[in-house]
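S.K.: My structure is below; once you've seen it, I'll send some questions.
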Amino acid sequence: MPDESAGGALQSKITELGAAALAALDSCASPGELDAAYQQYLGKKGELSAIMKGFGALSPEEKKSTGQVMHQTRTGIEERFAARKQSLEEEALAARLAEEAYDALRPLSAERGHLHPISQLQMQVEEIFSNMGFRIMDGPEVETDLHNFGRLNFSDDHPARDMQDTIWTVDGNLMRTHTSTIQVRTMQKLKPPFRIIAPGRVFRYEETDATHENTFHQVEGMLIDRDVSVAHIIHIMKTFLSEIFEREIKVRLRPGYFPFVEPGFELDYLREDGRWLELMPCGMVHPNVLRAGGIDPEEWSGFAFGLGLDRLVMMRYGIEDIRHMLAGNLRFQQQF
Ligand code: PHE
């Protein structure tokens, strides 16, 4: 029965709104759009509340029938909203799972990283010395004056301190200038006889140029035993270098000064072009250093050496500038 009363007009508006709302919910493609559509129709400031402003003017009977229509419409929209919400969320979840699915057989990226040439060489040095019975030691990069200088026979005002321009920390410690600190730390830890190497980063307060960096890498070596002589240094170094360069290597010693060795040497090796090249400082461990480490120099003797890893990498690959090492330039690093 068509109802031309105010109540009837309101009821048909409500029914129209209901149909529009259901169509809108059906066409939403995401949970977000769905929430927006819900607010548009059923929100506090939505279309249904706007229409219902006419409700107060109706007669009691009209209120009753209109209220029923309103309630049915509202329930219908809410049910459709809940159903659409659930299916949209399921679709979204399925899409995300499909995207995240782990494919164990997916080809690996062609852009894999690799070890820096210094790390590669360091590992090779560690292996060669390990095979000769050397143990690998480590120590901190921030050190005390005592570990870096004092127990290595540098007195407080020793001019040899100037050989190693030092970066000091505000609390009076320093960035180790060499890995010889590990000689000191090893003597505190191990009882002789022992043989160790200690690779690590070292720091100097340097003006940088093609052959100087403020941060570089050394491998310290120390062997303590009975009756150690210079012949042992030569033998171990020849063995080591022949492995590294993959040919029989000739070495020679020239005098060199470091407060913690006596006698001290510069070790040169003979290049394939017949020229001698300075490679590593070394020497017999100074009795004062042994004593400072709690080792009796009457009973024990030993040698120590310092190997510059950066220089060795540069020689191996013909690199002309040490600053390439830490520049982090991929075009450089990808060559190794
Ligand atoms: N520690 C010295 C330096 O860095 C090198 C060295 C090590 C010399 C061991 C002799 C023996 O200059």
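S.K.: Scan the stretch 26-39 and report the pairs whose first residue is more than 15 Å from ILE77 (Cβ to Cβ) and whose second residue is open to solvent by 70 Å² or more (accessible area, probe 1.4 Å), with Cβ atoms within less than 8 Å and a gap of 6+ or a chain change.
M.R.: From residues that are more than 15 Å from ILE77 (Cβ to Cβ), the pairs are PRO31/GLU89.
S.K.: Here's something else I'd like to know. Assess whether PHE245 counts as being within 15 Å of the ligand (Cβ to nearest atom) and either of a type outside the set (Asp, Glu) or under 37 Å from the mean Cα position of the chain (by Cα) (or both).
M.R.: No, not satisfied.
S.K.: Ok, one more. Against the conditions (1) open to solvent by 50 Å² or more (accessible area, probe 1.4 Å); (2) part of a loop (DSSP other than H, G, I, E, B); (3) not hydroxyl-bearing (Ser, Thr, Tyr), where does HIS178 fall short? Just the number, please.
M.R.: Tallying (1) open to solvent by 50 Å² or more (accessible area, probe 1.4 Å); (2) part of a loop (DSSP other than H, G, I, E, B); (3) not hydroxyl-bearing (Ser, Thr, Tyr), HIS178 fails exactly one: (1).
S.K.: Please go through the stretch 293-321 and give me each residue that is within 15 Å of the ligand (Cβ to nearest atom), out of contact with any strand residue (DSSP E or B) (no Cβ under 7 Å at 6 or more places or on another chain) and either farther than 30 Å from ILE118 by Cα or open to solvent by 10 Å² or more (accessible area, probe 1.4 Å) (or both), ordered by number.
M.R.: GLY293, ARG311
S.K.: Would you check if GLN164 is within 11 Å of the ligand (Cβ to nearest atom) and over 25 Å from LEU326 (Cβ atoms)?
M.R.: no
S.K.: Take the residues in the stretch 258-280 that are of a type in the set (Phe, Trp, Tyr) and within 15 Å of LEU307 (Cα to Cα); name whichever of them is nearest to the ligand (Cβ to nearest atom).
M.R.: Within the stretch 258-280, the match that is nearest to the ligand (Cβ to nearest atom) is PHE258.
S.K.: With the requirement that a residue be in contact (Cβ under 8 Å) with a residue 60 or more places away in the chain, open to solvent by 70 Å² or more (accessible area, probe 1.4 Å) and not hydrophobic (A, V, I, L, M, F, W, C), what does the stretch 108-147 give you?
M.R.: Listed by number, the residues that qualify are HIS114, ARG135, ASP138.
S.K.: Based on what the data block shows, is ARG185 of a type in the set (Lys, Arg), surrounded by 15 or more Cβ atoms within 10 Å (Cβ to Cβ) and either in contact with a Lys or Arg (Cβ under 6 Å, 6 or more places away or on another chain) or within 26 Å of GLY328 (Cα to Cα) (or both)?
M.R.: Taking the combined requirement at face value, the residue does not satisfy it.
S.K.: Which of the residues spanning the stretch 237-292 are under 28 Å from ASN148 (Cβ atoms), touching a residue at least 60 places away in the same chain (Cβ under 8 Å) and open to solvent by 40 Å² or more (accessible area, probe 1.4 Å)?
M.R.: Hits for the stretch 237-292 are TYR257, ASN288, ALA292.
S.K.: A further question follows. Residues in the stretch 148-164 that are of a type in the set (D, E, K, R) and exposed (fewer than 14 other Cβ atoms within 10 Å of the Cβ): how many?
M.R.: 3
S.K.: Among the residues that make up the stretch 196-203, is at least one of them assigned to a loop (DSSP other than H, G, I, E, B), in the same structural domain as GLU127 (by TED's automatic domain parsing) and of a type outside the set (D, E, K, R)?
M.R.: no
S.K.: Same structure, new question: Can you pull out every residue in the stretch 220-231 that is more than 23 Å from GLY294 (Cα to Cα) and either surrounded by 14 or more Cβ atoms within 10 Å (Cβ to Cβ) or hydroxyl-bearing (Ser, Thr, Tyr) (or both)?
M.R.: none
S.K.: Could I ask something else about it? Determine if the stretch 210-219 includes at least one residue that is hydroxyl-bearing (Ser, Thr, Tyr), open to solvent by 60 Å² or more (accessible area, probe 1.4 Å) and either in contact (Cβ under 8 Å) with a residue 24 or more places away in the chain or over 17 Å from VAL313 (Cβ atoms) (or both).
M.R.: Within the stretch 210-219, one or more residues are hydroxyl-bearing (Ser, Thr, Tyr), open to solvent by 60 Å² or more (accessible area, probe 1.4 Å) and either in contact (Cβ under 8 Å) with a residue 24 or more places away in the chain or over 17 Å from VAL313 (Cβ atoms) (or both).
The values are calculated or read from the model by the stated rules, or taken from the named source; none is laboratory data. Note that this is a predicted model, so its numbers are computed, not measured. Here Cβ is always computed from backbone atoms with ideal geometry, including for glycine, and neighbour counts include all displayed protein chains. When the accessible area is computed, the model is the full protein with side chains, heavy atoms only, and any ligands, DNA or RNA have been set aside. Shrake-Rupley method; radii C 1.70, N 1.55, O 1.52, S 1.80 Å.
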